[in-house]
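Some notes on the structure that comes next.
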Amino acid sequence: MADKTLICKDCGAEFIFTEGEQAFYAEKGFENEPTRCPDCRRARKNARRNSYNNN
């Protein structure tokens with residue numbers, strides 16, 4: 001496996017899906033590559049967490 005350059009579907013930025021991350025995804029049985037960069041993933045997770053805490 002080699003590092004892959006992917007495009008974030010939210011912000012359009014390029015990000016690297018490292019060989020180590022790919023191995024982790026395979027180990028967990030994930031079949032799809034990430035579609036969001038780490039910053040957008042973090043922001044989305046925080047937004048969900050805040051939404052849950054405000055209910």
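The values are calculated or read from the model by the stated rules, or taken from the named source; none is laboratory data. All figures in this text were calculated on a predicted structure; none of them were measured in a lab. Reconstructed Cβ throughout: ideal geometry from the backbone, glycine too, with neighbour counts over all protein chains shown. These accessible areas exclude ligands, DNA and RNA; they are computed on the full protein's heavy atoms, side chains included. Shrake-Rupley method; radii C 1.70, N 1.55, O 1.52, S 1.80 Å.
Summary table below
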quantity: Filter result for the condition that a residue is at positive phi and out of contact with any Asp or Glu (no Cβ under 6 Å at 6 or more places or on another chain), over Gly20, Gly29; calculated: Gly29
quantity: Those residues of the stretch 20-42 which are under 11 Å from the mean Cα position of the chain (by Cα) and open to solvent by 60 Å² or more (accessible area, probe 1.4 Å), in sequence order; calculated: Glu21, Asn32, Glu33, Thr35, Asp39, Arg41, Arg42
quantity: Pairs with Cβ under 9 Å, 6+ apart, first in the stretch 26-55 and closer than 18 Å to Lys9 by Cα and assigned to a loop (DSSP other than H, G, I, E, B), second small (Gly, Ala, Ser) and modelled with pLDDT of 95 or more; calculated: Arg36/Ala43; Cys37/Ala13
